[in-house]
2 protein chains.
Amino acid sequence: MISNCFEPLYGTRGTALISQSSEDGLKDGWRVASSLKMADERRLERLTSMLKRRGIILPAFEIYGGVSGLIDYGPVGAAMLRRVTQNWLDHWMSQGDIVEIDSPTITPEAVLIASGHVGEFSDLMTECKACSSVFRADHLIEDEHPNADSLGAQEIDGLLGSGITCPSCQESAWTAAQPMNLMFQTSIGAMSSGRTAYMRPETAQGMFMLFPSLYRHFRQRLPFGAVQTGHGYRNEISPRQGMIRLREFNMAELEYFIDPQDPPVGDISKHNEIITLIPDPDGPHSGESRMSFGAALEAGIVRHPTVAWFLARTWDFLVGVGIDPARIRFRQHASTEMAHYAADCWDCEIHGEHGWVECVGIANRTCHDLENHETHSKARGLRAWRQFATPRKQVIERLAPNGAVIGPTFRNDAAAVVAALEALTELPDSLPFDLSLEDGRSVTINPDMVERREETANVSGEWFTPHVIEPAFGFDRIIWHILDHAYTEGEKEGEDYNHLSLAAGISSIDCVVLPLFDKGGMPELATEINATINAVPRLRAQLDSSRSIGRRYARADEIGVPWALTVDHTSLEDGSVTVRRRDDQVQVRAFVDEVLEHLRNNSLDSLF
Amino acid sequence: MISNCFEPLYGTRGTALISQSSEDGLKDGWRVASSLKMADERRLERLTSMLKRRGIILPAFEIYGGVSGLIDYGPVGAAMLRRVTQNWLDHWMSQGDIVEIDSPTITPEAVLIASGHVGEFSDLMTECKACSSVFRADHLIEDEHPNADSLGAQEIDGLLGSGITCPSCQESAWTAAQPMNLMFQTSIGAMSSGRTAYMRPETAQGMFMLFPSLYRHFRQRLPFGAVQTGHGYRNEISPRQGMIRLREFNMAELEYFIDPQDPPVGDISKHNEIITLIPDPDGPHSGESRMSFGAALEAGIVRHPTVAWFLARTWDFLVGVGIDPARIRFRQHASTEMAHYAADCWDCEIHGEHGWVECVGIANRTCHDLENHETHSKARGLRAWRQFATPRKQVIERLAPNGAVIGPTFRNDAAAVVAALEALTELPDSLPFDLSLEDGRSVTINPDMVERREETANVSGEWFTPHVIEPAFGFDRIIWHILDHAYTEGEKEGEDYNHLSLAAGISSIDCVVLPLFDKGGMPELATEINATINAVPRLRAQLDSSRSIGRRYARADEIGVPWALTVDHTSLEDGSVTVRRRDDQVQVRAFVDEVLEHLRNNSLDSLF
């Protein structure tokens, strides 16, 4: 099975993370969740219904009956998705050593064999022999086992045989559980020349593929990073939980390439927040703790300084886009569930209507990815050069070319053969062997062509495979929790009055422009103001002139518009408008130029 | 075959557009192209090589041998793609009545049956019987026919049989040409419960699916529009021409919904540019003309006022992102090649190393899309309400329910049946018939349950299917031409000196920061300045301190960075830097705060 480190967001253990209520360390969190749910079990339903009605998140292809696990971001939601994405890009790229790349979502099979996805990215499924319905096997036995998705096929078959009935037809006859690969398969090209390919299960591979280009771009100096945002795909057998488990999702990954002997140490001294951590349950710090990021690194709970830096930066991002800091925690993977090469893996979990949900994974993937691709593709160029502070004397084994044989044998290619011999980093155990030339061809080197020599030389540096620290974000899950945390139900004059307390810059539009009355010149002035604001790149205003002013405020509050500008009689005289703040409904008067400047600088609060 | 209107960018006629040198109106353009090519036939090769070397555009999956038709945007190119995309979004959304949506790329079959893609989105292909190589049939006979891709299978078979040899094995034995659907096929879900789906061939369907949500968002008032950007897919048989013909591409479409009886008329009076137009060759204005957009509309060459407005706005966008205005032309589709419902279709073509290439399509798609989806999905909600200025007396035919029968027959559902009868917009030709209820169920209405009546009533308005004007943009093709037009080859001190004259805001980064020497405090100050600029959202700076200052200027010029800030001895004293302008290499001195403010406002030119 692919390690959790590798599929932090959409991995086969995702559901387990949500259902770990039996673990000691999690009980408190769950008690909160349960009591919230008991208190208002239909809040989820009302929120979902509002999201649909207001064009934020909707089931996709609904006029054709919909497809579970596929959603649309509507006229309000898509703008939020773009703003969260841009915010995320700015957050990382402001660091100066991180660039964006964009690679195809269609991925040839060879890449995903190397990454392990073709062989191991699967869930166990079973089919009802009576009605042919197909289910994810661990879902059927969730009530029988606390960690159903950690079980093997045999254990699952055993539990299924104990009388589990089919949710569709109530019979109890199951085929043996078998793994189903979770990638969407397709074929590139026509007929016999078609090549198997898959829709990417993650964006990370695009960055690994481009390592040679990135290394050149950064002029051969580590550390550096690349980000990619976009769609990822996972052919879920039976998706549930709304936006939490999708078949096509919006993700964003950062691959940060470092020299493991010189790991970058970010300054986390200013991060004084006290964070909830759930360290490795099999390690010396098991149980929930609360401390700063710095203290966690110092105590050895966070095992890698660059990982600590990314945990803190992830926190900054999440709180910045509107996640409630009290509902974030970091859960470290158990040593036993991590792959051998993964030195430190953390999930950032956010609490909401679906309990604690993994929304970000931060993993030290070591040299695993680049090494695997080097092995499978035979590519050079997936390494970095480490310059020694002072040259070192080293005994070097090399194959010295015997010109008298190589020359006549390879003729015009002789120079290329000699160059390839000199470039060998690992010598073959025995001769003859196949030597790859720079241009991709291969030649056979016989024992008479070379002499194995040991030489002492001054070596100025060495090639090594960089390590990778990867923060991977699931935007749909994060946006879900932004909405969940922002959704505030209340009452006003005997009627339901709900609003979204979204952060400015995350709300789909920056302000609504409302003519107090739909006559007397007010609509014209409002139209003009609306156009002026919309003419500023990336500022968005919306004109709303239908129905009462109170109704229009409510409409804007419901989708989280932070500011409402009202054009009234005074506006017609002096050009000023009233500025209403969503969160406390306080109003002040200001001139349009002033408002515009504050909107650009996100400083309208200073007027109050 | 799907009309050109429907697949403006990636349609089956795309290649024809590029090879139409035989048409009278195009000769001039082609002479230009040919003479350019003759003058410097290796420019394309050098440009492509630079794009790869500098991390702008690269073949995707290259370490695994690559896949033709798939490209990567590298560390420099992806930033350009994002900026062009944002520029495009700002361009349209500043209009105030256009919103963004984001829908899945995986699309269930039913949607694409309705859109016509399942049946008709195909190219003819043939296989060599000797070596099994597969080819797009029209490509093989390009030298035999001026419009090979307009031929049917029989004509193609005839030409193939005239001795065309296989490019791979030189034999001449072909299977009969047969259509190959150009969509990437996949399956949603597992095994027997799997549903056929395709990767979307265009983003437009997402907007049509969301029409009910858009209509609600805009409070039932036309006109309004929705945009979507993202990946589109087309399983080319044998992709060629670099970025022009991709299997996965970046596209952006705007669907603008209007009332055909009240089409929006944009103000194009300020558009005085003289544009090259190639009107419908079968119409009264055939032949190339040059005139303003306004004149073209007045002369009836552009047939629809909203289309004229979008032609002009498309021009603004293209010139704004750096397309050479002298290398843009608008080509109207022939009446004979347009589908019956398509009233006016234009391609915006851009000239570059590949000749004239269709980069934008602007089509009046009338009510075709929404009507088709209504027919196939049986959905209500794909119509808009048109309020009459004054109520009209109309004779209305209705089926008046006979309560005495309907009540006892349908019991609890009787009210729903009556409501559905009242809501019928078209009466059945005969009885009995199946009536769909609001909740999706269906009941049979017998003759004794209703009475057919004619009534005169005051009608306040009517439901109709909105028309759609669609500008569809191919970003890869546009970015290719931005690069092509910006790429300037020259010499400096006896060495090649090339630069990209990209528009500010389109270049991947806004400025480089260069310490004159890598010592004496300059690197530290440069690092600080670099960080200050990068901390501003969406501004991007890059530090470069390796090798001579001249070499670093050249490096920045080559990828089109408009500004270079150099930190020198004076900087250490007073904090000022030199600001170098890429295009004329003139330098001025300025303080960092000042530079930052100008960078934010894109006004650095004012210092010169």
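Every number in this text was worked out from the coordinates using simple rules, so none of it is lab data. Keep in mind that what you see is a predicted model, and the values were worked out from it rather than measured. All Cβ positions, even for glycine, are placed from backbone atoms using ideal geometry, and neighbour counts span all protein chains on display.
Starting from the Kirkwood Rh over alpha-carbon pairs, what translational D in µm² s⁻¹ does the stretch B:197-258 have by Stokes-Einstein at 37 °C and 0.692 mPa s? Answer from the Stokes-Einstein relation: 248 µm²/s. Over all orientations, the stretch A:105-150 has a Cα convex hull whose mean projected area works out to 5.1 square nanometres.
Classify the stretch B:458-541 as rounded, prolate or oblate from the Cα gyration tensor: take a ≥ b ≥ c as the square roots of its eigenvalues, call it rounded if a/c is under 1.5, otherwise prolate when a/b beats b/c and oblate if not. In terms of gyration-tensor shape, oblate. A Förster distance of 41 Å, applied to the separation of the beta-carbon atoms of A:Asp605 and B:Val319, puts the FRET efficiency at 0.60.
Largest first and in whole Å, the equivalent-ellipsoid semi-axes of chain B read 51, 33, 24, each the square root of five times a Cα gyration tensor eigenvalue. Taking the DSSP beta bridges with both ends in the protein assembly as shown, the antiparallel portion is around 85 percent.
The rotation axis bringing chain B onto chain A passes closest to the chain B residue reported with its distance as B:Thr186, 2, by C-beta distance in whole Å. Only the Cβ atoms of Lys and Arg (+1) and of Asp and Glu (-1) were treated as charged; on that basis the dipole of the protein assembly as shown about its Cα centre amounts to roughly 740 debye. Using the Cβ of A:Glu109 as centre and a radius below 13 Å, the other residues enclosed give a net charge of +2, where K and R count +1 and D and E count -1. Treating r as the C-beta distance of B:Glu495 and A:Ser442 and R0 as 41 Å, the FRET efficiency rounds to 0.65.
When you filter the trypsin sites (Lys or Arg not before Pro) in the stretch B:377-477 for DSSP loop state and at most 14 other Cβ atoms inside 10 Å of their Cβ, you are left with B:Lys378, B:Arg380, B:Arg441. Taking every alpha-carbon pair within the stretch B:470-608, the share separated by more than 25 Å comes to 28 percent.
Against the main long axis of the alpha-carbon atoms of chain B, helix B:305-320 sits at an angle near 20°. When A:Tyr215, B:Tyr233 are sorted by how many other C-beta atoms sit within 10 angstrom of their C-beta, beginning with the fewest, the order is A:Tyr215, B:Tyr233.
What net charge do the residues around B:Arg303 carry, taking every other residue with its C-beta under 10 Å from that of B:Arg303, with Lys and Arg at +1 and Asp and Glu at -1? It would help to have the intermediate numbers written out before the result.
Numbers: positive: none; negative: B:Asp280, B:Asp344.
Neighbourhood net charge equals -2.
Relative to one another, the C-alpha centroids of the stretch B:498-557 and the stretch A:84-150 are positioned 39 Å apart. Legend: Rg and Dmax of the protein assembly as shown, from Cα coordinates, 32.2, 110 Å.
A label point on A:Arg547, set 7 Å along the Cα-to-Cβ line, lies at 6.4 nm from each of its counterparts in the other copies, closest listed first. Compared with the dominant Cα axis of chain A, that is its longest principal axis, helix A:592-601 is turned about 30°. Remark: B:Phe184, B:Phe591 ranked as B:Phe591, B:Phe184, counting other beta-carbon atoms within 10 Å and listing the fewest first. Modelled this way, with points 7 Å down the Cα-to-C-beta line, the labels at A:His569 and A:Glu45 are 4.8 nm from one another.
Rounded to the nearest Hz, the phi-derived 3J(HN,Hα) couplings of the stretch B:151-161 under the Karplus curve 6.51 cos²θ - 1.76 cosθ + 1.60 (θ = phi - 60°) are 7, x, 4, 5, 4, 5, 4, x, 5, 4, x, where x marks glycine and proline.
With label points defined 7 Å past Cα in the direction of Cβ, position B:Leu431 shows copy-to-copy spacings of 10.0 nm, given to one decimal and shortest first. Sorted shortest first, the separations between the A:Leu607 label point and its copies elsewhere in the assembly read 3.3 nm; each point sits 7 Å from Cα along the Cα-to-Cβ line. The B:Asn402 and A:Glu524 beta-carbon pair, evaluated with R₀ = 41 Å, returns a calculated FRET efficiency of approximately 0.15. Of the trypsin sites (Lys or Arg not before Pro) in the stretch A:58-156, which ones lie in a loop per DSSP and count no more than 14 other C-beta atoms within 10 Å? Loop-located and lightly packed - A:Lys129.
Based on DSSP H runs of at least 4 residues, each adding -39500 (n - 2.57), what is the mean residue ellipticity at 222 nm of chain A after dividing by all its residues, to the nearest 500 deg cm²/dmol?
Taking each H run of at least 4 residues, the total per residue is -8500 deg cm²/dmol.
Taking the longest Cα principal axis of chain B as reference, the axis of helix B:549-558 is set at about 20 degrees. When each of A:Phe517, B:Phe293 is scored by the number of other beta-carbon atoms lying within 10 Å, the sequence from fewest to most is A:Phe517, B:Phe293.
Just to be sure I follow the rule: in chain B, considering lysines 8 or more places apart or on different chains, how many pairs have Cα atoms under 25 Å apart? Can you show the working numbers first?
Working: B:Lys27/B:Lys37; B:Lys37/B:Lys52; B:Lys37/B:Lys492; B:Lys52/B:Lys492.
Lysine pair count for chain B: 4.
In this simple spin-label model, placing a label point 7 Å from the Cα along the Cα-to-Cβ direction at both B:Gln587 and B:Gln178 gives a separation of 6.8 nm.
Taking a ≥ b ≥ c as the square roots of the eigenvalues of the Cα gyration tensor, the stretch B:122-181 is classed as oblate, since a/c reaches at least 1.5 and a/b does not exceed b/c. Does the stretch B:388-462 come out rounded, prolate or oblate, given a ≥ b ≥ c as the square roots of the eigenvalues of its C-alpha gyration tensor, rounded meaning a/c under 1.5 and, failing that, prolate meaning a/b above b/c? Here the stretch B:388-462 falls in the prolate category. In sequence order, the stretch B:359-373 has phi-based couplings of 10, 9, x, 10, 10, 8, 8, 6, 8, 3, 5, 5, 5, 4, 5 Hz under the Karplus curve 6.51 cos²θ - 1.76 cosθ + 1.60, θ = phi - 60°, and Gly or Pro positions carry x. Taking a Cβ cut-off of under 14 Å around A:Thr456, the surrounding Lys, Arg, Asp and Glu residues balance to a net charge of +1, with basic ones at +1 and acidic ones at -1.
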